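Participant: Following this message is one structure expressed as structure tokens.
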Amino acid sequence: MGTFLGFAVTATLLFCMAQGEVLFYDFVVNETPIEMLCETNRSVLIVNGLFPGPEIRAHKGDTIYVNVTNLGPYGITIHWHGVRQIRYPWSDGPEYVTQCPIPTNSSFLQKIKLTEEEGTLWWHAHSDWSRATIHGPIIILPVNNTNYPYKFDEQHTIVISEWYARDTKDIINEALASGGDPDLSVAYTINGQPGDSYSCSNGSAYNIMVVQGKTYLLRIIHSGLNEEMFFGIAEHNLTVVGMDGAYLKPLNIEYLMITPGQTMDVLVTANQTLGRYYMVFSPFVDTNAPSNENVTRGIFQYNGTYNHSETPVLPELPGFTNKSDAGNFTIQLRSLNSEEHPSTVPANITRNITITVSVNQQPCPANQTCTGPDGSMHSASLNNISFSAPSISILQAYYKVDSG
């Protein structure tokens with residue numbers, strides 16, 4: 001009897017660990033005034049009045065319900081970037097692919113099922129370019145009573161974003177209609193602050209206050225739309241230990257390169273002389289298309305007694321077009337693949353699929369002025385097939401609409 005009870009208690013505990021907790025969040029999407037770079041009468045779509053938006057924090061294996069209320073002027077969806085949503089795609093978010101937009105003045109309860117993810121991910125709008133301002137972190141902690149595969153003292157979340165001078169929906173709609181390049185962003189921001197390198201920024205910059213000798217986990221999220229970014233901290237080495245909700249073999253480097261949509265978990269030890277050191281994001285450009293070559297700066301600032309008015313030290317980062325340094329960083333990334341965190345990659349390949357992603361050109365329609373190359377229109381494709389959004393989601397059509 002005692003053995004049976006012991007087994008039952010153990011089984012119950014394991015079941016509870018496997019199921020995780022159930023968490024609830026409320027997101028309200030609304031146009032909200034934001035002062036940025038001397039723009040005093042500008043309203044943008046954000047969640048809960050925050051830019052970046054609110055953080056979702058959970059443990060591996062938890063289930064999260066997010067009630068999304070859309071008070072904006074047009075329909076939007078929310079996507080949980082990097083969450084696998086295994087056997088539950090209905091709340092995944094891509095507009096007209098897994099779900100229809102949430103109409104204005106209505107709500108939709110979205111379910112997020114965390115399974116194998118652990119580390120840093122993010123959520124964002126998945127409707128046109130609205131994710132430029134509708135986005136935020138997802139922090140997935142290890143299962144209770146388990147540990148990280150590395151040690152640190154404190155953690156900070158860093159969200160890099162792009163800021164546009166006009167409404168992003170207007171920008172993309174105009175570009176699609178004319179076939180030309182969309183407006184460039186006018187600034188990059190770190191946790192909503194453009195940094196002190198921009199005029200009209202009033203010297204504002206995101207600061208991390210650190211204690212000499214401590215190690216910090218930086219959860220870096222690239223929520224920008226277009227540009228890949230180099231990142232470094234002056235006179236400090238970085239150790240990349242995670243990417244996109246999974247652990248990596250520790251990679252000790254002087255800089256990293258992160259692409260739009262990626263997340264990276266990075267350790268940095270405050271082991272330098274007391275002072276103020278710039279953290280810099282600088283774009284990496286590997287295309288002939290127009291690019292925003294501005295940078296954004298935050299400050300890695302030590303606690304202690306020293307001259308706090310001295311100009312912070314700048315890091316040395318690769319140049320804007322340095323493909324070699326970008327590639328040298330990327331090819332060094334490796335999965336942790338430990339006993340506690342295995343990489344279950346299929347070894348038996350039974351089919352190869354080739355996908356070609358292209359930006360093509362198509363002729364300008366009659367009686368229309370186009371602003372693409374030589375008066376044509378840009379047109380994206382996969383394997384030379386373009387995509388136009390249907391009137392209902394593809395997933396809904398697959399399951400609920402009669403054939404034909």
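Readers should treat all values here as calculations from the given coordinates under stated rules, not as data from a laboratory. On a predicted model such as this, the values are computed, not experimentally measured, just so you know. Using ideal geometry, Cβ is built from the backbone for each residue, glycine included, and neighbour counts are taken over all protein chains shown.
Participant: Would you mind counting up the charge near LEU251? Only other residues with Cβ under 15 Å from its Cβ, with Lys and Arg at +1 and Asp and Glu at -1.
Facilitator: -2
Participant: To the nearest 20 debye, what is the magnitude of the charge dipole of segment 2-141 about its Cα centre, counting +1 on the Cβ of each Lys and Arg and -1 on the Cβ of each Asp and Glu?
Facilitator: Numbers: 8 positive and 13 negative charges, 66 e Å.
For this selection, approximately 320 debye.
Participant: LYS214: which aspartates and glutamates have alpha carbons under 20 Å from its alpha carbon, excluding same-chain residues fewer than 8 sequence positions away?
Facilitator: Straight-line reach from LYS214, under 20 Å: ASP153, GLU154, GLU235, GLU254, ASP265.
Participant: Further question: Using a 10 Å cut-off around each Cβ, can you sort VAL345, VAL22 from fewest to most neighbouring Cβ atoms?
Facilitator: Working: VAL345 7, VAL22 11.
Ranking VAL345, VAL22 by Cβ neighbours within 10 Å, fewest first, gives VAL345, VAL22.
Participant: Then there is this: Measuring from a point 7 Å past the Cα of ARG334 along Cα-to-C-beta, which residues in segment 226-258 have an amide N at less than 15 Å?
Facilitator: Hits in segment 226-258 for ARG334 at 15 Å: 240-242, 247-253.
Participant: Please report TRP122, TRP129 as a ranked list, fewest other C-beta atoms within 10 angstrom at the top and most at the bottom.
Facilitator: Working: TRP122 30, TRP129 21.
So the residues, fewest neighbours to most, are TRP129, TRP122.
Participant: Which of the three applies to segment 2-141, rounded, prolate or oblate, going by the alpha-carbon gyration tensor with a ≥ b ≥ c and a/c under 1.5 meaning rounded? It would help to have the intermediate numbers written out before the result.
Facilitator: Values: a/c = 2.94, a/b = 2.26, b/c = 1.30.
The shape class here is prolate.
Participant: Then there's this: With a ≥ b ≥ c the root eigenvalues of the C-alpha gyration tensor of segment 275-404, is it rounded (a/c under 1.5), prolate (a/b larger than b/c) or oblate?
Facilitator: Values: a/c = 2.35, a/b = 1.46, b/c = 1.61.
Oblate, since a/c reaches 1.5 and b/c is not below a/b.
Participant: With label points built 7 Å along Cα→Cβ from the Cα atoms of ALA165 and VAL357, find their separation and express it in nm.
Facilitator: 2.9
Participant: With only Lys, Arg, Asp and Glu charged, each at its Cβ (+1 for the first two, -1 for the last two), find how big the charge dipole of the chain is about the Cα centre; round to the nearest 20 debye. Write out the running numbers ahead of the final one.
Facilitator: Details: 20 positive and 37 negative charges, 185 e Å.
Result for the chain is approximately 880 debye, rounded to the nearest 20.
Participant: 222 nm [θ] for the chain, helices only, -39500 (n - 2.57) per DSSP H run of 4+, per residue, to 500?
Facilitator: On the way: 4 runs with 44 residues, N = 404.
Result for the chain: -3500 deg cm²/dmol, rounded to the nearest 500.
Participant: Also: Given points 7 Å out from each Cα along the Cα-Cβ axis, report the SER379 to ASN252 separation in nanometres with one decimal.
Facilitator: Taking the simple label geometry, SER379 and ASN252 are separated by 5.3 nm.
Participant: Read phi for every residue in segment 117-132 and hand back ³J(HN,Hα) as whole Hz from Karplus 6.51 cos²θ - 1.76 cosθ + 1.60, θ = phi - 60°, with x for Gly and Pro.
Facilitator: Listing the rounded values in order: 5, 7, x, 10, 10, 7, 10, 6, 5, 10, 10, 6, 9, 5, 5, 4 Hz.
Participant: List ARG131, ARG42 from most exposed to least, where exposure is judged by having the fewest other Cβ atoms within 10 Å. Write down the numbers at each step before the final one.
Facilitator: Values: ARG131 26, ARG42 16.
Final ranking by Cβ density, sparse to dense: ARG42, ARG131.
Participant: Take the cross-link list LYS249/LYS323; LYS113/LYS151; LYS111/LYS169; LYS60/LYS169 and give me the ones stretching past 31 Å between alpha-carbons. Kindly include the intermediate steps, with their values, before the conclusion.
Facilitator: Working: LYS249/LYS323 23 Å; LYS113/LYS151 27 Å; LYS111/LYS169 27 Å; LYS60/LYS169 35 Å.
Result: LYS60/LYS169 exceed 31 Å.
Participant: From the square roots a ≥ b ≥ c of the eigenvalues of the alpha-carbon gyration tensor of segment 357-400, which class results: rounded (a/c under 1.5), prolate (a/b over b/c), or oblate? Intermediate values should be presented prior to the final figure.
Facilitator: Details: a/c = 4.68, a/b = 2.10, b/c = 2.23.
Taking the square roots of the gyration eigenvalues as a ≥ b ≥ c, segment 357-400 is oblate.
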